[in-house]
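Enquirer: Let me give you the structure first, and then I'll get to my questions.
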Amino acid sequence: MYRILNKRKLAPEVHEYVIEAPEIARAARPGQFVVLRLHERGERIPLTIADADPETGGVTIVVQEVGKTTREMGDKFGKGDCILDFVGPLGKPSEIENFGTVICIGGGLGIAPVYPITRALKDAGNTVLGIIGARTEDLLFYIDKMEKVCDELIVTTDDGSAGRKGFTSDPLTEILAAGRKVDRVVAIGPAVMMRACADATRPFGVPTVVSLNSIMIDGTGMCGGCRVEVGGETKFACVDGPEFDGHKVNFDLLLSRQRFYVEEERCALERYLKEQQGAVDGQA
Ligand SMILES: Cc1cc2nc3c(=O)[nH]c(=O)nc-3n(C[C@H](O)[C@H](O)[C@H](O)COP(=O)(O)OP(=O)(O)OC[C@H]3O[C@@H](n4cnc5c(N)ncnc54)[C@H](O)[C@@H]3O)c2cc1C
Ligand code: FES
């Protein structure tokens, strides 16, 4: 069992948890993830390691409540509670070296996974420009953390409620069009955002790394659930990635496979919400 050492709300329906998992905390590298199962009847879900502290044994994850399992975690799991399975670190770590000037982009929940990569790239001696964005101001988080590890940070919101109005790919395009020398871009967020960033950098030939959030089950290369296409070849995001060359990813296939179980996911959430309502009515 893995104890929750801390839980805090970062945004509506987004919580940060620190889980006591000393072995994972010691081994974790930026870019890697865990697979957790809340309880015996729970499903396995992958979550990126947003931070790890080998001294305290704490592993930080940030969870957006989008469906049955993440919702259940947000509703029922708090400080002091235990999670049944917490497996990791999984996936290949990010490539960290002194590339020169890098732009690290986090969109929505992607801000959490991009943070440890940004920090590691800064520590490796890069000049780091950060771009983080969300739909609205209240959905932004980790601005202070990102400011500390970036030489420059640009914040965007779709509706202009904070920072610049627009998408994260807009300032990226402007920076490149202005002729600034950029050696690498790391973009993490919704598939459409990562595709827009890869499209923006392609004409300039800037290497662009994206982190693919395909549906994962075992997380160890056994089930094939996370199959993606990169450069015309089939890859398993859990063991070959999750980071890949954004210019080679088949984003259409990724998007269609992400929607593969939408009906089952909707049923599972409805069943969970009904059970919760039943429990509330029973108490009344
Ligand atoms: C490598 C990786 C890292 C991730 N890191 C984070 C993170 O740090 N924080 C975060 O909030 N989310 C992260 N996700 C997404 C997270 O796994 C899903 O939001 C979660 O599984 C949804 O489960 P659910 O039962 O709550 O929702 P569901 O209703 O079951 O699913 C909602 C949507 O989430 C996606 N999803 C569902 N099941 C899975 C699954 N087993 N694997 C991957 N995606 C799934 C699908 O697109 C689906 O349509 C990551 C995904 C991957 C692959
Ligand atoms: S999650 Fe099963 S092969 Fe990748």
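Matching residues to (1) more than 17 Å from the chain's Cα centre (by Cα); (2) within 15 Å of ligand 1 (Cβ to nearest atom); (3) of a type in the set (D, E, K, R):
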site	(1), (2), (3)
176	yes, no, no
182	yes, no, no
229	yes, no, yes
244	no, yes, no
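Enquirer: Determine which member of the set 180, 184 is touching a Phe, Trp or Tyr at 6+ places or on another chain (Cβ under 7 Å) and either farther than 23 Å from residue 61 by Cβ or of a type in the set (Gly, Ala, Ser) (or both).
Expert: Of 180, 184, the one residue that is touching a Phe, Trp or Tyr at 6+ places or on another chain (Cβ under 7 Å) and either farther than 23 Å from residue 61 by Cβ or of a type in the set (Gly, Ala, Ser) (or both) is 184.
Enquirer: If you scan the stretch 202-225, which residues turn out to be within 12 Å of ligand 1 (Cβ to nearest atom) and within 20 Å of residue 186 (Cβ to Cβ)?
Expert: Filtering the stretch 202-225 for residues within 12 Å of ligand 1 (Cβ to nearest atom) gives 210-219, 223, 225.
If the condition is that a residue be within 12 Å of ligand 1 (Cβ to nearest atom) and within 20 Å of residue 186 (Cβ to Cβ), then 210, 211, 212, 213, 214 are the ones that fit.
Enquirer: Report those strands (runs of 3 or more DSSP E) wholly inside the stretch 1-120 carrying at least 2 residues which are within 26 Å of residue 239 (Cα to Cα) and near ligand 1 (Cβ under 9 Å from one of its atoms).
Expert: By residue number, 33-37, 45-48, 58-64.
Enquirer: Continuing with the same structure: Given the criteria open to solvent by less than 50 Å² (accessible area, probe 1.4 Å) and of a type in the set (Ser, Thr, Tyr), does residue 234 qualify?
Expert: Details: open to solvent by less than 50 Å² (accessible area, probe 1.4 Å): no; of a type in the set (Ser, Thr, Tyr): yes.
Judged against the criteria, residue 234 is not a match.
Enquirer: Give 87, 63, 114, 35 a once-over and let me know the one that is within 16 Å of ligand 2 (Cβ to nearest atom), touching a Gly at 6+ places or on another chain (Cβ under 8 Å) and open to solvent by less than 20 Å² (accessible area, probe 1.4 Å). If you could, list the steps in order and put the result at the bottom.
Expert: Working: 87 fails: open to solvent by less than 20 Å² (accessible area, probe 1.4 Å); 63 fails: within 16 Å of ligand 2 (Cβ to nearest atom); 114 fails: within 16 Å of ligand 2 (Cβ to nearest atom).
Exactly one residue qualifies, and that residue is 35.
Enquirer: In the stretch 216-230, how many residues are open to solvent by 50 Å² or more (accessible area, probe 1.4 Å) and more than 13 Å from ligand 2 (Cβ to nearest atom)?
Expert: Total satisfying the criteria: 1.
Enquirer: For the stretch 172-197, give me the residue count where each residue is open to solvent by less than 20 Å² (accessible area, probe 1.4 Å), free of Cβ contacts under 8 Å to residues at least 60 places away in the same chain and of a type outside the set (A, V, I, L, M).
Expert: 0
Okay, residues lined up against (1) over 18 Å from residue 94 (Cβ atoms); (2) in contact with a strand residue (DSSP E or B) (Cβ under 9 Å, 6 or more places away or on another chain):
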residue	(1), (2)
203	yes, no
208	no, yes
211	no, yes
224	yes, yes
227	yes, yes
238	no, yes
247	no, yes
262	yes, no
270	yes, no
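Enquirer: I'd like the full set of residues that are in a loop (DSSP other than H, G, I, E, B) and free of Cβ contacts under 8 Å to residues at least 12 places away in the same chain, limited to the stretch 123-162.
Expert: Passing the criteria: only 160.
Enquirer: Scan the strands (runs of 3 or more DSSP E) fully inside the stretch 181-284 and keep the ones with 1 or more residues being in contact with a helix residue (DSSP H, G or I) (Cβ under 7 Å, 6 or more places away or on another chain).
Expert: Correct list: 184-188, 208-211, 227-230.
Enquirer: Select from the stretch 254-263 the residues that are surrounded by 11 or more Cβ atoms within 10 Å (Cβ to Cβ) and over 19 Å from the mean Cα position of the chain (by Cα) and list them in ascending order.
Expert: Matches in the stretch 254-263: 260, 261.
Enquirer: Criterion first (modelled with pLDDT of 95 or more and out of contact with any helix residue (DSSP H, G or I) (no Cβ under 9 Å at 6 or more places or on another chain)) does residue 84 satisfy it?
Expert: Working: modelled with pLDDT of 95 or more: yes; out of contact with any helix residue (DSSP H, G or I) (no Cβ under 9 Å at 6 or more places or on another chain): yes.
So residue 84 fits the description; yes.
Enquirer: Determine if the stretch 44-56 includes at least one residue that is closer than 27 Å to residue 158 by Cα, touching a strand residue (DSSP E or B) at 6+ places or on another chain (Cβ under 9 Å) and hydroxyl-bearing (Ser, Thr, Tyr).
Expert: Scanning the stretch 44-56 turns up at least one residue that is closer than 27 Å to residue 158 by Cα, touching a strand residue (DSSP E or B) at 6+ places or on another chain (Cβ under 9 Å) and hydroxyl-bearing (Ser, Thr, Tyr).
The values are calculated or read from the model by the stated rules, or taken from the named source; none is laboratory data. Here the structure is a predicted model, which means the values were calculated and not measured. All Cβ positions, even for glycine, are placed from backbone atoms using ideal geometry, and neighbour counts span all protein chains on display. Ligands, DNA and RNA are excluded from the accessible area calculation, which covers all protein heavy atoms including side chains. Shrake-Rupley method; radii C 1.70, N 1.55, O 1.52, S 1.80 Å.
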